[in-house]
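Any read-out appearing in this document is the output of simple, stated calculations on the displayed coordinates, not a laboratory observation. Since this is a predicted model, take the numbers as computed values, not measurements. Here the Cβ positions follow ideal geometry from the backbone for every residue, glycine too, while neighbour counts run over all protein chains shown.
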Amino acid sequence: MIGKRVLGIWGVLSAIAGLGVASSASAQPVVGIPHEWQMDFPAPYTPLMVKVEQLHDILLVIITVISVFVLFLLLYAMWRFHASRNPTATATTHNTFLEIAWTIIPILILVVIAIPSFRLLYYGDKAVDAAMTIKVTGHQWYWSYAYPDQGNFTVESRILSEADRVKLKPNQPRLLAVDEEMVVPIGTTIRIIGTAADSMHGWTVPGFGIKKTVIPGRLNEGWINVTKEGYYFGQCSQICGNGHTYMPIAVRALAKPEFDKWVEQKKKSAGLLPTTDVASATPPATR
């Protein structure tokens, strides 16, 4: 009887703990990772990714129409010009109408594709009215994130060690979790300035629609505006050396008040906050 009571109490405590973990996970869900049997893009979490998906849908329709048309022409040619139907081959070598058509039509298709493509490139290239800037630097083999508008502190983000990977939390997917995420506020236009310290790297987060190649001695610019709280993940997309596969990108999006608290904590840890608001008086000189 006592054993059953102990097991019952333990079950209740486990359920409460499970609810706590579930509520924590629901407050900060892991939303930016691939899923099993996923067929399409990840869900968009920035305005830029929404436009990327829209362009993708347009291109999918165009390429489907082209593929069906070419398949029809192949089947028609196989039927119309089969040897049994044409024992004597035709001597026709040129058709002015066809040659003009298969030159002009592809040009028009490329123009239709180019206009929204150039618009999207321009839209994702420069941040308009950015509220803050984060400098992303690629290293062999980790990332660092500098916050010049928030006191100019830096966060270094490395993949979890082998020992830590054994005890992963619900918000730490395997081979994507890091010790320090890049933290951003939601609903805020953030300018991303990218560079590298040693070799080329690729800062890529699929759910944000951003892929920036960071190069030593050069600054590349992009922007994000995350619409939903949670954890988002990506990976280095440039083969940068033997540790390339161990350069995951983790971003944690918080509400603005929570982000401000995180900034104050980081500034305090970096010694950027003043110890007191009262100026110390100069002691009198001793004789």
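Per-structure values
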{"item": "Cβ-derived FRET efficiency at R0 35 Å, Q265 paired with V61, nearest 0.05", "result": "0.10"}
{"item": "Full-stretch length increase - T227, D179 - with 0.36 nm per residue and alpha-carbon distance subtracted", "result": "14.9 nm"}
{"item": "Sequence ranges 124-131, 252-259, 195-202, 88-95, ranked by mean other-Cβ count within 10 angstrom, highest first", "result": "195-202, 252-259, 124-131, 88-95"}
{"item": "Spatial separation of Cα centroids for the stretch 200-222 and the stretch 28-103, in angstrom", "result": "30"}
{"item": "Most to least packed among 241-247, 137-143 [average Cβ atoms within 10 Å]", "result": "137-143, 241-247"}
{"item": "Nearest-0.05 FRET efficiency for V112 and L73, computed from C-beta distance (R0 22 Å)", "result": "0.60"}
{"item": "Sequence of I66, I107, I190 once ranked by neighbouring C-beta atoms within 10 Å, starting from the fewest", "result": "I107, I66, I190"}
